[in-house]
Every structure is written in structure tokens, then in C-alpha cells.
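Accompanying notes for the structure given below.
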Amino acid sequence: MKIKFYGVRGSIPVCGREYERYGGNTTCISIHREKANRIAVLDAGTGIRKFGRELAEKGISQNLINIMFTHFHWDHIQGFPFFAPCYNPKQRIGILTMGKKRKIKSLKEIFSLQMQKEFFPIRLDKMGARFEFFHYGENEIIHGAKVKAVAQYHKYLGGSYGFRLDDEDVSLVVCTDVEHIRGIDKNIVAFAKDADLLVHDGQYTAEEYKTHKGWGHSTWEQAVEVAERAHAKKLIITHHDPDHDDLFLDGIEEKCKKAFPNSLLAKEGMELEVI
């Protein structure tokens, strides 16, 4: 199993030379299951635009491309209208969510509203691709892979969901947009237990969190503590604050490595195998 980060920024995309190494696009992660020969994507932040272009450049085709959503805040859906496969009449696009605590009545309505004429020139039903909407439970088999979801605190419990994929003898856990509002969430620790790779939100420092409690995000220190308690093999911290430039993030990564040696901060374009 391989993953690639196409967007690692939180809240809003940023640009400028001071952001070149870590990148400025918002959340988008591709997941390539090599034995099954399937590619899926997690979230549709602005990074999904490059993912779509890369599929075309490499000549990669897949009858059904699934996009799994952690939640639907703007920074996780704003790239969707610019995902090139959405305009291919021969393409099927799966819009997936998991979890029983979601306060969602209609997945289709979320994307139809985003693309109504006041906000975008092309409506959802005129894009071309065939869109299919799926709302799963919290423990499923999807295209042969074991997928679990956990309710996370993001303004409220279930405001976002973390995902665990167990496939090809490895385990990947992604917990972004999660706040440990009353101390480290034991459910998140249990969910990430013995993960080969844990990708965790780390938008703030402990000092910054003092003025951002209730905003729905974690500190890098909390991400390290989750990884330690869960006995995760490797930790990647993502959802970088838009005010954190390359030099600032270099400093955080250095501190993170001292606390948890097998750790990195996510960079746009970073690709790694889950082992």
C-alpha cells in the first residue's frame, strides 16, 4: 500500500516562496492498494486538482474513483469542482462517508449546493461524470479492504471521522481535523493501536492551542502522544496551519523527531509505502 500527499495545509490554501517545501494546497491524500490495483482518495481539498491531472498524465484509468470524506468543511471540498475526472462522461465517481453520528441528510445536496450558479458556473448534474453516493457504517469491507471509522471531536463528536484501512498485511490510520478536547481521546488511541502508519492532525503548537481551543484541531505534541500510546510504527503530522511557513515547520519537525524518532511532517508530493 502506498499513499501520496497532494495537500497538507489546513483551513485555507496558501502560496509564496516561504511555503514551497511543505506546500500550500489543502487536504488530499491518495491511497494506492497495489495488489488490488485500486486507487482511492481521501478528501477533496485543493490538492485534488493535481491528483486529477496526474491521473491523466500517467494514463491511469479506473472505472470507479472513490473519494472518502472525513467531513465537509470548505478546506476539504473546495478542490472538488476542479477534479478533472468529474468532467469525463465515461467516469464514475463515488462520494463516500462513514459513521453513524454524522449530521448529514443528503450527500448529493452538499455538493449540489457548493456548485449552484451563485458559486460556480457548472452545476453538479452538468459536470459529466456519473456520481454515486454512499454512506457506510463504521466497520465495512469496501472493494476487498477492511475499513473502519471513528467519530472524532470536531466542534462536536462526529463532526469529523477518522479512518483505518487494513489491507495487504498493513494498517493505515488517518485522523485529521480531530481535537482532543478533554485530554487525549482514548477512543482515538484504541483506533490507532499498532498502526503501521498514523497520519494525525497537528495544526497547532501547545502554546497556540491556548487561544484556539474549540477550533477542532490538535497540537503536534498531542499527535506524538497518540502515536506513543497507540504503539504506532510511524507518525506523519499534517493539516499545517496557514501561518506556519517552511522554517517554522522545520522547527516543529525537529522537535517531533526528538519526541518520536520515526516521524515526519507531511509535505505536498510526499509519497511513501506503508510497511
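The values are calculated or read from the model by the stated rules, or taken from the named source; none is laboratory data. Because the structure is predicted, anything quoted here is derived from the model rather than measured. For neighbour counting, all protein chains shown are included, and Cβ atoms are generated from backbone atoms with ideal geometry for every residue, glycine included. Only protein heavy atoms, including side chains, enter the accessible area calculation; ligands, DNA and RNA are left aside. Shrake-Rupley method; radii C 1.70, N 1.55, O 1.52, S 1.80 Å.
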Given (1) of a type in the set (G, A, S); (2) out of contact with any Ser or Thr (no Cβ under 7 Å at 6 or more places or on another chain); (3) in contact (Cβ under 8 Å) with a residue 40 or more places away in the chain, index of the condition G251 fails: (3)
Qualifying positions in segment 246-271 - outside any helix (DSSP H, G or I) and either open to solvent by 30 Å² or more (accessible area, probe 1.4 Å) or modelled with pLDDT under 95 (or both): P261, N262, L264, K267, E268, G269, M270, E271
Any hit, segment 70-88, residues being of a type in the set (V, I, T), under 23 Å from I39 (Cβ atoms), open to solvent by less than 80 Å² (accessible area, probe 1.4 Å) and in a loop (DSSP other than H, G, I, E, B): yes
Filter result for V14 (in a loop (DSSP other than H, G, I, E, B) and at pLDDT 95 or above): yes
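Pick from segment 2-46 the residues that are on the phi > 0 side of the Ramachandran plot and open to solvent by less than 10 Å² (accessible area, probe 1.4 Å): which of them is farthest from the chain's Cα centre (by Cα)?
First, pick out the residues of segment 2-46 that are on the phi > 0 side of the Ramachandran plot: 11, 16, 23, 37, 43.
Narrowing the set further to residues that are open to solvent by less than 10 Å² (accessible area, probe 1.4 Å) leaves 23, 43.
On the way: G23: 15, D43: 5 Å.
Looking at residues that are on the phi > 0 side of the Ramachandran plot and open to solvent by less than 10 Å² (accessible area, probe 1.4 Å), I get G23.
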Residue check for I60: without any contact (Cβ under 8 Å) to a residue 24 or more places away in the chain and among the aliphatic types (A, V, I, L, M): yes
Scope segment 224-245; condition under 11 Å from C175 (Cβ atoms), without any contact (Cβ under 8 Å) to a residue 60 or more places away in the chain and part of a loop (DSSP other than H, G, I, E, B); matching residues: A232
Residue selected from segment 47-72 under the condition within 11 Å of the chain's Cα centre (by Cα) and not hydrophobic (A, V, I, L, M, F, W, C), by the criterion farthest from L107 (Cα to Cα): G47
Any hit, segment 152-168, residues being within 15 Å of T97 (Cα to Cα), open to solvent by less than 50 Å² (accessible area, probe 1.4 Å) and aliphatic (A, V, I, L, M): yes
Members of segment 164-191 found to be out of contact with any helix residue (DSSP H, G or I) (no Cβ under 9 Å at 6 or more places or on another chain), touching a residue at least 24 places away in the same chain (Cβ under 8 Å) and part of a strand (DSSP E or B), listed by number: L165, D167, V170, S171, L172, V174, I181
Residue match in segment 126-145 (condition: closer than 21 Å to N262 by Cα and free of Cβ contacts under 8 Å to residues at least 12 places away in the same chain): no
